[in-house]
1. Tell me, yes or no, whether the stretch 30-45 has at least one residue that is modelled with pLDDT of 80 or more, touching a helix residue (DSSP H, G or I) at 6+ places or on another chain (Cβ under 7 Å) and in a loop (DSSP other than H, G, I, E, B).
2. Please verify whether residue 7 is out of contact with any strand residue (DSSP E or B) (no Cβ under 6 Å at 6 or more places or on another chain), at pLDDT below 90, surrounded by 15 or more Cβ atoms within 10 Å (Cβ to Cβ) and in a helix (DSSP H, G or I), treating the condition exactly as stated.
3. From 86, 72, grab the single residue that is modelled with pLDDT of 80 or more and over 22 Å from residue 29 (Cβ atoms).
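The values are calculated or read from the model by the stated rules, or taken from the named source; none is laboratory data. Everything numeric here is computed off the predicted structure, so don't read it as measured data. Glycine also receives a Cβ, built like all others from the backbone with ideal geometry; neighbour counts cover every protein chain displayed.
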């Protein structure tokens, strides 16, 4: 299980990756890959914010907050893996 603060920082890092790729002119070579990576960042941010006090305790217990957070955490890693594979393929095959 990941710590909540770590998930938020991970989400921000994944959201900043396409920004730095845009500055270094790599993003246009691998647009699809960086879109997947940005989506992974959004999922990590959402997973990190599920444990905040914004959600009432009774609702969190009803929804099974732990399982939902872990679900978004795992789906975020799957998106990150897909984005990495797409990005590497697109960068290596484009001239």
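1. yes
2. When the stated conditions are applied, residue 7 passes them.
3. 72
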